[in-house]
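Peer 1: Mind looking over this structure? Questions follow.
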Amino acid sequence: MSIARGAVSSWQAIGARPVRVSATEPIAMVLVSDEVEANELHYFDSVPKALMHFMGERTLDDLKYTLKMGGLKGNIFKYLIWANNKYEIIVPTVVSVAKWDEDESALKTNIIQAIADLKKVPAMYKVRPDIIAVADHTTDIDVAKQLVATTHLLRARTFVDLNAADGSDALAKRGQFGSERVTPVYCNIKDWNTLIDSSDEFSANFCLSILRCAIDASDTTRGVGWSYSLSNKLLPVADATKDVDFILGLPDETDLLTNNQITTFIEFQGIRVWNYQTCSADALLQDATRVRIFDKLTFAVLPAIFPFIDSDRGVKAVKEAKDTIRAFVADMIGKEVLIGGMIELDTDLTTPTAITNGEFYFKVLAQENPKPVKIAVEFNRVDIYSDVVYKIING
């Protein structure tokens with residue numbers, strides 16, 4: 001075919017690209033087992049598949065018998081069975097298995113290493129865990145500090161079990177942390193353990209991590225469950241390990257905890273999560289939902305603008321990248337994640353030298369849809385309606 005004369009046709013994609021925010025964020029779990037020779041790292045498509053893998057051909061009765069005979073040291077089955085019974089968590093699931101050891105110091109080392117091993121996950125499995133659950137062991141400050149370091153590297157989020165004796169103890173333990181990726185939790189929860197046919201204590205860290213996954217996928221229409229707060233959400237458990245005074249409309253024990261960014265559980269038509277904050281020193285980063293929203297927006301936009309890098313269309317490609325970001329912000333406003341937002345070229349950074357180097361910097365000015373944490377109502381007794389009395393009497 002001739003290209004000098006005749007008909008020639010071609011096409012190319014021009015315009016803003018769609019930006020998709022995943023509602024099924026990967027979760028990483030650090031659990032303990034005596035059935036491994038050394039620490040192991042596993043990847044599964046869902047929590048049920050993780051449970052199936054570790055159970056093998058065994059039934060629940062088989063596990064109970066093994067437990068009765070002195071086996072099943074660790075917590076891997078306790079928590080995977082609980083998660084599978086309570087929710088259908090169909091998200092990428094990484095399980096970092098720490099080898100159980102009867103020596104507490106050796107076990108602690110294994111758990112710390114199992115947390116650190118999560119840093120390998122993006123390279124090994126091509127996913128980035130957004131939620132990290134470490135069952136039973138985050139009350140240990142060394143374990144907790146390794147967890148904080150790992151969440152910062154992965155830009156993930158987690159919870160820390162304070163397991164406090166009282167409010168004063170909670171404040172002292174909360175003071176050991178200062179991270180926008182950590183939510184401190186006052187106490188653990190109680191629920192039925194089907195492995196031992198008895199009520200048992202469960203790590204709040206793990207239970208709230210699973211709840212976070214469930215809420216992420218709860219909005220099947222708009223797909224923005226990831227922007228929802230955990231606070232005032234029902235947790236399907238029997239009770240909390242500590243009773244916290246909660247009195248509607250009056251000062252109570254939760255006020256001290258809330259004012260210090262500590263999450264707890266209240267009983268009000270069921271067991272509810274109360275408060276959802278981080279322990280960051282920056283007040284703007286203490287809203288855990290706000291941190292999650294802007295994390296998600298930041299990560300979601302990167303794959304969408306990646307095709308424009310090194311584009312032969314030059315500055316027009318930069319304009320399309322800007323249009324992509326603008327359309328994404330508009331979509332988030334339409335889905336009520338944001339209440340407003342605009343994009344502008346950062347001229348302070350996009351200097352003539354930067355342009356020569358092919359570097360372009362944009363700023364997105366946006367505000368998330370605020371979650372009400374307090375709604376106050378004041379009733380004022382007035383006399384201005386006295387004429388109603390006259391009308392009734394003279395009626």
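The values are calculated or read from the model by the stated rules, or taken from the named source; none is laboratory data. All figures in this text were calculated on a predicted structure; none of them were measured in a lab. A quick note on method: Cβ atoms are made from the backbone with ideal geometry, for glycine too, and the neighbour counts reach across all protein chains shown. For the accessible areas, the whole protein counts, side chains as well, though only heavy atoms, and no ligand, DNA or RNA atoms are used. Shrake-Rupley method; radii C 1.70, N 1.55, O 1.52, S 1.80 Å.
Peer 1: I need two numbers for segment 154-292: Rg to one decimal and Dmax as a whole number, Cα atoms only, in Å.
Peer 2: Reported Rg and Dmax, both Å: 14.8, 45.
Peer 1: Another question about this same structure. Dipole of the chain (Lys/Arg Cβ +1, Asp/Glu Cβ -1, origin at the Cα centre): which of 360, 33, 129 lies farthest to the positive side?
Peer 2: It is 360, whose Cα lies furthest towards the positive end.
Peer 1: Of the options 211, 299, 309, report the single residue whose Cα projects farthest towards the positive end of the charge dipole of the chain (beta-carbon charges: Lys, Arg +1; Asp, Glu -1).
Peer 2: 309
Peer 1: Which lysines have a Cα less than 19 Å from the Cα of residue 68, not counting those fewer than 8 places away in the same chain?
Peer 2: Reachable lysines: 78.
Peer 1: OK, next. In whole Å, how far is the Cα centre of segment 320-384 from that of segment 1-37?
Peer 2: 25
Peer 1: Which whole-number percent is the relative contact order of the chain (Cα, under 8 Å, 6+ apart)?
Peer 2: Reported as a whole number, the value is 15 percent.
Peer 1: With unit charges on the beta carbon (Lys/Arg positive, Asp/Glu negative), name the residue among 158, 18, 79 whose Cα is farthest towards the positive pole of the charge dipole of the chain.
Peer 2: 18
Peer 1: Sticking with this one: Taking residue 86 as the anchor, which aspartates and glutamates have their alpha carbon closer than 17 Å to its alpha carbon, excluding any fewer than eight residues away along the same chain?
Peer 2: Partners within reach: 191, 197, 200, 201, 216, 239.
Peer 1: OK, next. Apply 1/(1 + (r/R0)^6) to the Cβ-Cβ distance of residue 385 and residue 243, taking R0 = 35 Å, and write down the FRET efficiency to the nearest 0.05. Don't jump to the answer; show the numbers that get you there.
Peer 2: Numbers: r = 44 Å, r/R0 = 1.24.
Approximately 0.20, to the nearest 0.05.
Peer 1: Pop the C-beta distance of residue 222 and residue 88 into the FRET formula with R0 = 30 Å and round what comes out to the nearest 0.05. Present the calculation step by step, with values, prior to reporting the outcome.
Peer 2: Values: r = 20 Å, r/R0 = 0.66.
For R0 = 30 Å, the calculated efficiency reads 0.90.
Peer 1: Hey, what's the chain come to in accessible area per residue, 1.4 Å probe, Å²? Walk me through the intermediate numbers first.
Peer 2: Details: 21000 Å² over 395 residues.
Heavy-atom SASA per residue in the chain reads 53 Å².
Peer 1: Ranking request for peptides 74-84, 192-202, 325-335: highest mean number of other beta-carbon atoms within 10 Å first, then the rest in descending order.
Peer 2: Packing proxy ranking, top to bottom: 74-84, 325-335, 192-202.
Peer 1: Oh, and also: Got the relative contact order for segment 1-103 handy, in percent, Cα pairs under 8 Å and 6 or more residues apart?
Peer 2: Here the relative contact order equals 49 percent.
Peer 1: Rounded to the nearest 0.05, what FRET efficiency do residue 269 and residue 69 have when you use their Cβ-Cβ distance and R0 = 51 Å?
Peer 2: Values: r = 42 Å, r/R0 = 0.82.
Once the sixth-power term is evaluated, E becomes 0.75.
Peer 1: Counting residues in the chain as N, plug N into 2.2 N^0.38 Å and put the Cα Rg over that result.
Peer 2: Against the empirical 2.2 N^0.38 Å value, I get 1.22 for the chain.
Peer 1: Could I ask something else about it? Roughly how much of residue 385 is accessible, in Å² to the nearest 10, using a 1.4 Å probe?
Peer 2: About 150 Å², rounded to the nearest 10.
Peer 1: Another question about this same structure. Cα-Cα over 27 Å: which of 64/233; 120/316; 296/371?
Peer 2: Result: 64/233; 120/316 exceed 27 Å.
Peer 1: Also: Rounded to a whole number, what % of the accessible area of the chain do carbon and sulfur atoms account for, probe 1.4 Å?
Peer 2: 54
Peer 1: For residue 374 and residue 106, compute 0.36 nm times the residue count separating them, minus their Cα-Cα distance, and round to one decimal in nm.
Peer 2: So the chain would gain 91.8 nm between residue 374 and residue 106.
Peer 1: Still on this structure: Cα convex hull of segment 90-228: mean projected area in nm², to one decimal? Display every interim value, and only then the final one.
Peer 2: Details: hull surface 40.2 nm².
Mean projected area of the Cα convex hull: 10.0 nm².
Peer 1: How big is the charge dipole of the chain about its Cα centre, in debye rounded to the nearest 20, if each Lys and Arg gets +1 on its Cβ and each Asp and Glu gets -1 on its Cβ?
Peer 2: Dipole about the Cα centre, nearest 20: 1640 debye.
Peer 1: Add -39500 (n - 2.57) for each DSSP H run of 4 or more in the chain, then divide by its residues: what number comes out at 222 nm, to the nearest 500 deg cm²/dmol?
Peer 2: Result for the chain, helices only: -10500 deg cm²/dmol.
Peer 1: Right, here's the next one. My understanding is that a pair violates if its Cα-Cα distance is over 22 Å; which of 73/242; 173/242; 119/335 do that in this structure?
Peer 2: Table pairs above 22 Å Cα-Cα are 73/242; 119/335.
Peer 1: Suppose a student asked you for the relative contact order of segment 35-178, using Cα pairs under 8 Å spaced at least 6 residues apart; what percent would you report?
Peer 2: Here the relative contact order equals 23 percent.
Peer 1: Suppose every Lys and Arg Cβ carries +1 and every Asp and Glu Cβ carries -1, with no other charges. What dipole size does segment 134-292 come out with about its Cα centre, to the nearest 20 debye?
Peer 2: 820
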